[in-house]
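Let me begin by presenting the structure, written as structure tokens, before commenting on it.
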Amino acid sequence: MVAISEAYDLTCVIHVHSTYSDGTGTVPEIASAAKRAGVDIVLLTDHDTLAAKDHGEERWHDGVLVLVGEEISPPDRDHFLAFGIDDKINRHQSGPEICAAVKAAGGFGFGAHPFSRGSERLKRAGIKFRDLDCLDGIELWSFLNDTGERVRGVRDLARMIAAPQRAIGGPPQDNLREWDRLCQARRVVAIGGLDAHQFGLRIRGRVPLRLMSYERTFKQLHTHVLCERPPTGDLEHDRALVYGALREGRCYIANDQVADARGFAFSQMGEEVAFEPGLELHVRTPHAAEIRLLRDGEIVAATTGNELDHAIERYGVHRVEVMRGNRPWIYSNPVYVQG
């Protein structure tokens, strides 16, 4: 267990595309944008390729660690963000088959925007995972997808591009309800993803026309991983550190434009603990905010301030939501209190 005050908080952007698939930036350009945005780690997920890893670009880039995964993209089927694999996965499989293939390769991953309903304006197809029981993790909050689905016309789209923080809101309530349901059956790790492409036109090595640059997108939504030790600069060590935290659910989603979330802590986050009399959960936030503790999707304790301490009354899946100035700020992964 990582003590509430001893974890090393690293800021990640997850679900990013480069010129190896349908993004407009190279890996060095993406790493440079991440540094300017104050991001520690980029989890790259080009469609159906690990080319960045094959070309030796999974490494530290001037203070930013780039880790290479893959967005497995079956035609008209479920997409899956896979990490910890050395060879790309056959995309011509069903969702459960893809999950099984990733696990067999020693990897893990997350359903990409698994609750998508699609958008007429963005023409995004809805995800078709029929058996979410195969997933160990989900992209609970997708910046591009969830914000884009609120677009109802050209004016909304222009507003989203001009002022994304006015449109971002929080993870859709339907996503949260479905996640709560899934977590009551088993552990399901949640992340926040960007689906960042830097839409634009690349001409002779430059992108003179772009919509939502990587740097700007990287400031909108983060997944913070809480690691047991600080990174050392060694790729193998640091990759294991980050992937270990993600696998175990020692991570939380934050909109750091609301306020810097580093310093948030939720005791025993990601763990399975046995219920016993006197068991308490502790929440700490770096700034005063409205803190809510939920059990199985229902609020069981709430306060305004920097701390919430709560004696657990019975077993259930406990997670934290934090609002600041009526804006969604932080969403934790759960503590699984077992009866």
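The values are calculated or read from the model by the stated rules, or taken from the named source; none is laboratory data. Being a predicted model, the structure only gives us computed values, none of them experimental. All Cβ positions, glycine included, derive from the backbone under ideal geometry; neighbour counts span all protein chains shown. Areas reflect the complete protein model, heavy atoms only, side chains present, ligands, DNA and RNA absent. Shrake-Rupley method; radii C 1.70, N 1.55, O 1.52, S 1.80 Å.
Computed quantities for the displayed model
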read-out: Subset tally (residues that are of a type outside the set (A, V, I, L, M, F, W, C) and in a strand (DSSP E or B)) for the stretch 256-307; value: 16
read-out: When residues of the stretch 267-290 are limited to those that are surrounded by fewer than 16 Cβ atoms within 10 Å (Cβ to Cβ) and of a type in the set (D, E, K, R), the one farthest from Ile330 (Cα to Cα); value: Glu276
read-out: Qualifying residue in the stretch 10-18 (condition: open to solvent by 10 Å² or more (accessible area, probe 1.4 Å) and within 25 Å of Cys227 (Cα to Cα)); value: yes
read-out: Filtered residues of the stretch 223-263 (kept if farther than 21 Å from Ile30 by Cβ, surrounded by fewer than 19 Cβ atoms within 10 Å (Cβ to Cβ), more than 17 Å from the chain's Cα centre (by Cα) and in contact (Cβ under 8 Å) with a residue 40 or more places away in the chain); value: Glu228, Arg229, Pro230, Gly263
read-out: Test result for Arg155, free of Cβ contacts under 8 Å to residues at least 24 places away in the same chain and more than 15 Å from Met212 (Cα to Cα); value: yes
read-out: Restricting the stretch 291-315 to residues that are in contact (Cβ under 8 Å) with a residue 24 or more places away in the chain and either in contact with a Lys or Arg (Cβ under 7 Å, 6 or more places away or on another chain) or β-branched (Val, Ile, Thr) (or both), the residue that is most open to solvent (accessible area, probe 1.4 Å); value: Glu307
read-out: Some residue of the stretch 208-222 being open to solvent by 20 Å² or more (accessible area, probe 1.4 Å), without any contact (Cβ under 8 Å) to a residue 24 or more places away in the chain and out of contact with any strand residue (DSSP E or B) (no Cβ under 9 Å at 6 or more places or on another chain); value: no
read-out: Entirely in the stretch 20-125, the helices (runs of 4 or more DSSP H) that have 1 or more residues that are under 16 Å from the mean Cα position of the chain (by Cα), of a type in the set (Gly, Ala, Ser) and surrounded by 24 or more Cβ atoms within 10 Å (Cβ to Cβ); value: 27-36
read-out: Matching residues, the stretch 88-109, being closer than 13 Å to Leu50 by Cβ and either touching a residue at least 60 places away in the same chain (Cβ under 8 Å) or basic (Lys, Arg) (or both); value: Lys88, Arg91
read-out: Which listed residue, of Asp133, Asp146, is over 19 Å from Asp48 (Cβ atoms), open to solvent by 30 Å² or more (accessible area, probe 1.4 Å), modelled with pLDDT under 90 and in a helix (DSSP H, G or I); value: Asp133
read-out: Selected residue [charged (D, E, K, R), modelled with pLDDT of 95 or more and over 17 Å from the mean Cα position of the chain (by Cα)] from Glu313, Glu272; value: Glu272
